[in-house]
Amino acid sequence: MTAKSTRTRFAPSPTGYIHVGNVRSAIYPWLLARQNGGQFIVRIEDTDRERFVEGATELILDTLKWLGLEWDEGPEVGGPYAPYFQSERRETYRVWGQKLVDKGLAYADPYTTAEIEAFRVAAQAQKRPFVYRHHRPENPPAWDGTQALRFKAPDTTHYEWEDAVMGKLSANEMVDDFILIKSDGLPTYNFGHIIDDTEMHISHAIRGLEYIASIPKYLALYDALGLKHPIFACLPHIMRPDGRKKLGKRDGAKSVTEYRQDGILPEAMFNFLATLGWNDGTTQEIFTKDELIAKFSLDRVQRSGARFDEKRLLWMNGQWIRSLSLDDLFERVRDFWGEAGKTANPAYQKQVLALAQDRLKTLKDLPAVSEFFFCEPTPDWSMIDDNKQLAKLSRQQQIEFLEIAHDMLSTLNDFSADSIQNCLNNFLQAIEQKPVIGFSLIRFALTWTQFSPDLNKSIAILGKDKTLARLKTAIEAGK
Ligand code: GLU
């Protein structure tokens, strides 16, 4: 395969949202196309009218755009092999179907559903499997496009092929006659994708492992059509975190859109999914897109199922959040501020964000670590009571320590973060306690949240008046 001819595709069916497990089938082809200066093509496989979901195509395209998987040919952008919606390509399938009819390798299915059912029942009664090839009509009617077109499968009983991920594969089976084009003129997946991959000069067919069992069918069909098949690559399943089953919707497998709404960055999602069952042979985990483009290879995709570990996604997201410039992050959190934060002055928001950046695992965490900067929190001493370390002190001691903190901070003229840190250190000395006690106490009294940014910096942003007033309120509420 020369570098120029790398043409990969993502071929979703618009039957719903993109489940995270399917996105690798878009990411890997995209990476290969970019790596080799080729083209990445999006083709919408909308031939199953019963499973068609209104709006699904838009959702899928939107997800691809959000992840930065821009396509060179396909919906919205067109291309030399348009249309890229299978429902608009009937004529192409008809022409290819006719070629097979002409070669005597496909026939118009003359049977009604009731007749087929009768064959099935008869086979069952004789305790043998029902196969179409036993009922091939001797003189099939001329195919006029209104009957289903069935493949006259070869008698081959052994298939061998190479899969770029799975290696050498083989199957001992005789493919049965299957439908190529349905009576509505639309192709089955088995036929449609082969015709389109051929017409669109696709070099790699990268898809999920669920297709591996059908490869003999495809091989038989490629052979009948006199075509060469593209490089096949089947991607292993994505497994539940416990590794025992395929990840399903019930295991909390969300759509990419949901992760996006939860404040996962596209860079993190991309990084996470690309490295789900792939590594570059080192322990590196954080990869930029450019690094992935440079390093990705199908032969390093692991063959066993990859475990979907949401904790790893959150960790990566945190890493990516910290790598952003403040201005960039500021843009991205636009819709994530809490009730009080969203109407605050942008300069103040930015100051808060600079501090919160270290604490965010997702953008959705922002209100929890920032709202106390924008509105007065309500004291809740049960938080202190429930804290293992602080519970070692009596309420009287706790209040006394807060009073000391209040007094020490009130004498401070320079209210910069450094000067506050000095003062806090002196405070620890004065009360003869460790930070887990002394600082946690002040944290609760100022924020009444479990997780807050650096204490000295938070105090500096709150300012002297607010800090002292909050300490007073806390003390009063605790008495
Ligand atoms: N339309 C198929 C699906 O959505 C695509 C399989 C393929 O990539 O060939 O699963």
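Quick test of your reading of the structure: G192 fulfils all but one of (1) over 29 Å from the mean Cα position of the chain (by Cα); (2) under 16 Å from Q98 (Cβ atoms). Name the failing condition by number. If we test G192 against (1) over 29 Å from the mean Cα position of the chain (by Cα); (2) under 16 Å from Q98 (Cβ atoms), just (1) comes out false. Answer yes if at least one residue in segment 165-176 is more than 25 Å from A118 (Cα to Cα) and within 15 Å of the ligand (Cβ to nearest atom), and no otherwise. So far as segment 165-176 goes, yes, one or more of its residues are more than 25 Å from A118 (Cα to Cα) and within 15 Å of the ligand (Cβ to nearest atom). Of the residues making up segment 286-302, those that are surrounded by 14 or more Cβ atoms within 10 Å (Cβ to Cβ) and in contact (Cβ under 8 Å) with a residue 12 or more places away in the chain number 9. Of the residues making up segment 410-457, those that are over 40 Å from the mean Cα position of the chain (by Cα) and in a loop (DSSP other than H, G, I, E, B) are T411, L412, N413, D414, F415, S416, E432, Q433, K434. Taken together, the residues in segment 212-221 that are more than 12 Å from the ligand (Cβ to nearest atom) and surrounded by 17 or more Cβ atoms within 10 Å (Cβ to Cβ) amount to 5.
Report whether or not E162 is within 26 Å of A26 (Cα to Cα) and at pLDDT below 95. In short, no. Filtering segment 300-323 to residues that are of a type outside the set (K, R) and either in contact with a Cys (Cβ under 9 Å, 6 or more places away or on another chain) or at pLDDT 95 or above (or both) leaves V301, Q302, L313, L314, W315, M316, N317, G318, Q319, W320, I321, S323. When you check L209 against the structure, is it more than 12 Å from the ligand (Cβ to nearest atom) and either basic (K, R) or free of Cβ contacts under 8 Å to residues at least 60 places away in the same chain (or both), yes or no? No: the conditions fail for L209. Inspection of segment 59-68 identifies no residue that is at pLDDT 95 or above, within 14 Å of the ligand (Cβ to nearest atom), within 20 Å of E199 (Cα to Cα) and in contact with a helix residue (DSSP H, G or I) (Cβ under 8 Å, 6 or more places away or on another chain). Looking only at residues of segment 8-30 that are of a type in the set (F, W, Y) and crowded, with 22+ Cβ neighbours inside 10 Å, we find that the one that is nearest to the ligand (Cβ to nearest atom) is F10.
Residue-wise test of (1) in contact with a Phe, Trp or Tyr (Cβ under 8 Å, 6 or more places away or on another chain); (2) not small (G, A, S).
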| position | (1), (2) |
| --- | --- |
| Y84 | no, yes |
| S87 | no, no |
| R90 | no, yes |
| K99 | no, yes |
| A106 | yes, no |
| T112 | no, yes |
| A118 | no, no |
| R133 | no, yes |
| N139 | no, yes |
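Kindly indicate whether any position in segment 303-318 is within 16 Å of W30 (Cα to Cα), over 16 Å from the mean Cα position of the chain (by Cα) and not in a loop (DSSP other than H, G, I, E, B). Checked against the condition, which is being within 16 Å of W30 (Cα to Cα), over 16 Å from the mean Cα position of the chain (by Cα) and not in a loop (DSSP other than H, G, I, E, B), segment 303-318 yields no hits at all.
Can E91 be described as exposed (fewer than 14 other Cβ atoms within 10 Å of the Cβ), farther than 24 Å from L225 by Cβ and either out of contact with any strand residue (DSSP E or B) (no Cβ under 6 Å at 6 or more places or on another chain) or acidic (D, E) (or both)? Considered against the rule, which asks whether it is exposed (fewer than 14 other Cβ atoms within 10 Å of the Cβ), farther than 24 Å from L225 by Cβ and either out of contact with any strand residue (DSSP E or B) (no Cβ under 6 Å at 6 or more places or on another chain) or acidic (D, E) (or both), E91 comes out as no. Candidates are the residues of segment 118-162 that are in a strand (DSSP E or B) and touching a residue at least 24 places away in the same chain (Cβ under 8 Å); the one that is nearest to I231 (Cα to Cα) is E162.
Does L446 fit the bill of being more than 26 Å from S382 (Cα to Cα), surrounded by 14 or more Cβ atoms within 10 Å (Cβ to Cβ) and touching a Ser or Thr at 6+ places or on another chain (Cβ under 9 Å)? No, not satisfied. Of everything in segment 31-51 that is within 13 Å of the ligand (Cβ to nearest atom) and buried (at least 24 other Cβ atoms within 10 Å of the Cβ), the residue that is farthest from F272 (Cα to Cα) is T47. Restricting D242, D197 to those that are surrounded by fewer than 19 Cβ atoms within 10 Å (Cβ to Cβ) and either within 11 Å of the ligand (Cβ to nearest atom) or at pLDDT below 95 (or both) reduces the list to D242. Among the conditions (1) surrounded by 15 or more Cβ atoms within 10 Å (Cβ to Cβ); (2) touching a residue at least 24 places away in the same chain (Cβ under 8 Å); (3) closer than 30 Å to N345 by Cα, the only one that G478 does not satisfy is (3).
The values are calculated or read from the model by the stated rules, or taken from the named source; none is laboratory data. In this text the structure is predicted, and so the values were computed from the model without any measurement. Every residue, glycine among them, receives a Cβ derived from its backbone with ideal geometry; neighbour counts consider all protein chains shown.
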